[in-house]
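Notes follow once the structure below has been shown.
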Amino acid sequence: MIIQKQKAFEEIMSALEGEEKVFIFGCADCATACKTGGEDELAQMKQKLEEQGKQVTGTYVLDTACLSGEVRKRGKELKEQLDASDSVLVLACGTAVQTIGDGLEVIAHPGVDSLFIGNVVRLGKYVEKCSACGKCILEETGGICPVTRCAKGLMNGPCGGYSPDGKCEVDPEQDCAWLLIYERLRERGKLGWMETVKDPKDYSTVSSPRTLVWEHKKEAEDK
Amino acid sequence: MSNFSEALQSGKFVVTGEIGPPKGTNVEQMFEEAEHLRGKVAAINVTDIQSSVMRVSSLAVCIKLREMGLEPVLQMVCRDRNRLALQSDLLGAAIWGIENVLCLTGDHVSLGDHKEAKGVFDLDSVTLLKAANTLASGKDMAGNDLDGTPSFFTGAVVSPASEPVEPQIIKMKAKVEAGAKFFQTQAVYDPQQMEDFMKKVSGFGVPVLAGIVLLKSAGMAKFMNSNVAGVQVPDALIEEMASVGKKERKKKSVEIAARLIKQMKDCCNGVHIMPLGWDSLVPKLLDQAGL
Ligand code: SF4
Ligand code: SF4
């Protein structure tokens with residue numbers, strides 16, 4: 001899930017400066033789970049904007065705002081309202097903003113800050129577990145990701161920065177990921193792996209922008 | 001071969017010192033501190049943007065030290081440079097005749113004075129050791145041939161007072177495999193702990209220099225206990241520091257450090273003294289420690 005936080009209302013207002021008519025999109029997936037762009041948040045945003053003298057031409061919570069097909073389909077259905085708007089405010093992740101902006105050829109304003117790919121511990125508490133590094137090593141590390149959960153993204157065991165209660169030097173609230181890995185590998189009798197020299201990470205797999213096209217699709221497209 | 005590596009190979013008890021570059025171009029005081037170490041230590045470490053607080057470059061200071069006829073240990077951390085820059089600086093060090101390199105991960109940027117900076121950590125201490133030794137074999141990390149091969153004497157750090165210590169020892173093994181030829185430890189204040197640690201790592205066959213940080217006051221000791229990972233100053237030493245007036249502190253500090261060195265002398269291969277600006281006390285300290 002893309003963990004996100006709504007931008008300050010003042011920032012949204014300043015982005016909408018000079019625009020009178022605004023349409024608001026939300027998303028039923030991540031934005032709803034993070035309470036940034038579900039039905040409730042869209043209704044609240046509509047009210048706040050109207051209080052500030054904006055005209056809200058409509059609101060719509062997309063099922064999944066990062067799907068180009070879905071966005072285009074809803075865009076057609078909502079054409080009239082969208083055409084009557086100066087711009088669109090997207091209360092969903094940055095991918096949604098661009099999927100909507102590019103797909104519907106509208107001015108799309110970001111209404112949230114996208115933070116990380118995360119796990120929803122419970123409503124209101126979100127933690128990062130994976131940063132989509134392109135080559136998963138969870139198999140070796142006992143299912144705990146050092147790329148993401150070690151503050152330095154170390155590949156070869158802990159730095160000297162952990163405290164006796166197992167916390168990281170960077171944030172005393174966070175567990176040292178490498179101590180967690182150490183404990184788990186010890187339990188599973190696999191500590192030998194930690195003694196070996198691991199290659200540095202291959203960052204060629206994370207050079208942006210990343211794309212993935214299935215091989216058979218590529219061939220079909222080429223034909 | 002560096003004098004430092006020869007000294008270690010000879011099996012003698014080896015002493016190294018340390019200086020920290022300043023923030024700004026006034027380097028006189030730092031080089032004065034280094035002068036106090038002349039003839040007393042086998043080599044002088046130069047810290048690399050220590051504690052993530054921006055300062056003069058370690059490499060530049062090492063070059064100066066060599067010009068002064070002092071032998072440097074170039075400290076290199078992985079926080080600020082990617083593998084291109086680290087290898088490039090290693091070659092740069094080599095053309096100035098700098099062979100001793102201490103490879104560290106480095107503190108996180110959030111601990112320093114440029115918290116908005118991007119922490120790099122493209123390599124880590126282990127892969128930096130390996131990179132330096134790969135260069136010394138005539139190739140770069142990508143496998144390309146070098147036109148002119150550097151030689152390095154690479155070392156690393158370990159924290160005997162970390163709890164738990166086992167992950168440190170496991171990583172130490174990886175560092176040896178990656179080419180660590182010596183270790184300098186984080187500050188240790190408990191000789192028994194050092195002895196126990198040395199028993200566990202003697203099998204690696206790599207010399208270990210125990211870290212000595214001069215205690216400046218009881219307050220500093222308490223600060224380190226709660227803020228510096230892997231450092232534990234026992235209460236007895238804190239009380240000992242607190243028992244003397246301000247004027248007597250330097251004397252007491254030297255007395256404690258000399259005692260620690262004597263107690264640890266038989267279990268390790270040398271000491272790495274980090275005077276934190278009190279370099280002028282090092283000759284007296286070594287005297288009292290009987291070195
Ligand atoms: S190693 Fe970590 S960041 Fe990479 S894919 Fe696996 S969980 Fe994600
Ligand atoms: S203390 Fe642990 S989690 Fe924090 S940077 Fe060091 S190894 Fe990574």
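The values are calculated or read from the model by the stated rules, or taken from the named source; none is laboratory data. Not measured: the values here are computed from a predicted model. For neighbour counting, all protein chains shown are included, and Cβ atoms are generated from backbone atoms with ideal geometry for every residue, glycine included. Areas reflect the complete protein model, heavy atoms only, side chains present, ligands, DNA and RNA absent. Shrake-Rupley method; radii C 1.70, N 1.55, O 1.52, S 1.80 Å.
Give B:A136, B:A93 a once-over and let me know the one that is within 18 Å of the chain's Cα centre (by Cα) and either more than 16 Å from ligand 2 (Cβ to nearest atom) or free of Cβ contacts under 8 Å to residues at least 40 places away in the same chain (or both).
Just a single option satisfies the conditions, and that option is B:A93.
Taking the stretch B:82-120 as the region of interest, how many residues are in a helix (DSSP H, G or I) and either of a type in the set (S, T, N, Q) or farther than 26 Å from B:L65 by Cα (or both)?
5
Mind checking which residues of the stretch A:120-130 are within 16 Å of ligand 2 (Cβ to nearest atom) and touching a Phe, Trp or Tyr at 6+ places or on another chain (Cβ under 7 Å)?
The answer is A:E128, and nothing else.
Within the stretch A:142-185, track down each residue that is within 18 Å of B:D122 (Cα to Cα), away from ligand 1 (no atom under 12 Å from the Cβ), open to solvent by 10 Å² or more (accessible area, probe 1.4 Å) and modelled with pLDDT of 95 or more.
A:A151, A:K152, A:C159
Which residue pairs have Cβ atoms closer than 6 Å, lie 6 or more positions apart in sequence or on different chains, and pair a first residue in the stretch A:178-203 that is of a type in the set (D, E, K, R) with a second residue that is open to solvent by less than 70 Å² (accessible area, probe 1.4 Å) and assigned to a helix (DSSP H, G or I)?
So the pair list comes out as A:E195/B:I170; A:E195/B:A174.
List the residue pairs whose Cβ atoms are under 9 Å apart, where the first residue sits in the stretch B:261-274 and is free of Cβ contacts under 8 Å to residues at least 12 places away in the same chain, the second is open to solvent by 10 Å² or more (accessible area, probe 1.4 Å), and the two are 6 or more positions apart or on different chains.
B:D266/B:E195
Give the residues of the stretch A:1-19 that are exposed (fewer than 15 other Cβ atoms within 10 Å of the Cβ), hydrophobic (A, V, I, L, M, F, W, C) and assigned to a loop (DSSP other than H, G, I, E, B), sorted by residue number.
A:A8
Could you list, in sequence order, all residues of the stretch B:192-232 that are within 14 Å of chain A (Cβ to nearest Cβ) and touching a helix residue (DSSP H, G or I) at 6+ places or on another chain (Cβ under 7 Å)?
If the condition is that a residue be within 14 Å of chain A (Cβ to nearest Cβ) and touching a helix residue (DSSP H, G or I) at 6+ places or on another chain (Cβ under 7 Å), then B:K200, B:V201, B:F204, B:V231, B:Q232 are the ones that fit.
Considering each residue of the stretch A:59-91, count those that are over 19 Å from A:S14 (Cα atoms) and under 25 Å from the mean Cα position of the chain (by Cα), and give that number.
The total comes to 17.
Return a yes/no flag: does the stretch A:115-129 have any residue that is part of a strand (DSSP E or B), away from ligand 1 (no atom under 16 Å from the Cβ) and open to solvent by less than 40 Å² (accessible area, probe 1.4 Å).
No; the residues of the stretch A:115-129 include none that is part of a strand (DSSP E or B), away from ligand 1 (no atom under 16 Å from the Cβ) and open to solvent by less than 40 Å² (accessible area, probe 1.4 Å).
If we scan the stretch B:134-154, do we find a residue that is assigned to a helix (DSSP H, G or I) and among the hydroxyl-bearing types (S, T, Y)?
Checked the stretch B:134-154: at least one residue is assigned to a helix (DSSP H, G or I) and among the hydroxyl-bearing types (S, T, Y).
How many residues are of a type in the set (V, I, T) and exposed (fewer than 15 other Cβ atoms within 10 Å of the Cβ) when one looks only at the stretch B:67-126? I'd like the intermediate steps shown before the answer.
Of the residues in the stretch B:67-126, the ones of a type in the set (V, I, T) are B:73, B:77, B:95, B:98, B:101, B:105, B:109, B:120, B:126.
After this cut, where a residue has to be exposed (fewer than 15 other Cβ atoms within 10 Å of the Cβ) as well, the list is B:95.
Within the stretch B:67-126, residues that are of a type in the set (V, I, T) and exposed (fewer than 15 other Cβ atoms within 10 Å of the Cβ) number 1.
Yes/no per residue for (1) over 11 Å from B:E71 (Cα atoms); (2) not β-branched (V, I, T):
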residue	(1), (2)
B:S2	no, yes
B:Q9	yes, yes
B:V14	yes, no
B:E28	yes, yes
B:F31	yes, yes
B:L37	no, yes
B:I44	no, no
B:D48	yes, yes
B:S52	yes, yes
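Report the residue count in the stretch A:186-206 for those that are open to solvent by less than 70 Å² (accessible area, probe 1.4 Å) and small (G, A, S).
As a first pass, look at the stretch A:186-206 and keep what is open to solvent by less than 70 Å² (accessible area, probe 1.4 Å): A:189, A:191-198, A:200-201, A:205-206.
Checking which are small (G, A, S) leaves us with A:189, A:192.
The total comes to 2.
Among the helices (runs of 4 or more DSSP H) confined wholly to the stretch A:135-223, which include 1 or more residues that are within 13 Å of chain B (Cβ to nearest Cβ) and over 30 Å from B:A142 (Cβ atoms)? Please lay out each step first, then the result.
Values: elements: A:146-149, A:177-187, A:192-195, A:215-222.
In the stretch A:135-223, A:177-187 are the helices (runs of 4 or more DSSP H) which contain 1 or more residues that are within 13 Å of chain B (Cβ to nearest Cβ) and over 30 Å from B:A142 (Cβ atoms).
What tally of residues in the stretch A:94-114 results from selecting those that are surrounded by 13 or more Cβ atoms within 10 Å (Cβ to Cβ) and either in contact with a helix residue (DSSP H, G or I) (Cβ under 9 Å, 6 or more places away or on another chain) or outside the structural domain of A:E77 (by TED's automatic domain parsing) (or both)? Before the answer, list the steps.
From the stretch A:94-114, those surrounded by 13 or more Cβ atoms within 10 Å (Cβ to Cβ) are A:94-101, A:103-104, A:106-114; that's our starting set.
Of the ones still in play, those that are also either in contact with a helix residue (DSSP H, G or I) (Cβ under 9 Å, 6 or more places away or on another chain) or outside the structural domain of A:E77 (by TED's automatic domain parsing) (or both) are A:96, A:99-100, A:103-104, A:106-114.
Result for the stretch A:94-114: 14.
Which of (1) over 18 Å from the mean Cα position of the chain (by Cα); (2) more than 14 Å from chain A (Cβ to nearest Cβ); (3) not in a helix (DSSP H, G or I) is the odd one out, the single condition B:L74 does not satisfy?
Going through (1) over 18 Å from the mean Cα position of the chain (by Cα); (2) more than 14 Å from chain A (Cβ to nearest Cβ); (3) not in a helix (DSSP H, G or I) one by one, B:L74 breaks only (1).
Against the condition touching a strand residue (DSSP E or B) at 6+ places or on another chain (Cβ under 7 Å) and near ligand 2 (Cβ under 8 Å from one of its atoms), how does A:K152 come out, does it pass?
The answer is no for A:K152.
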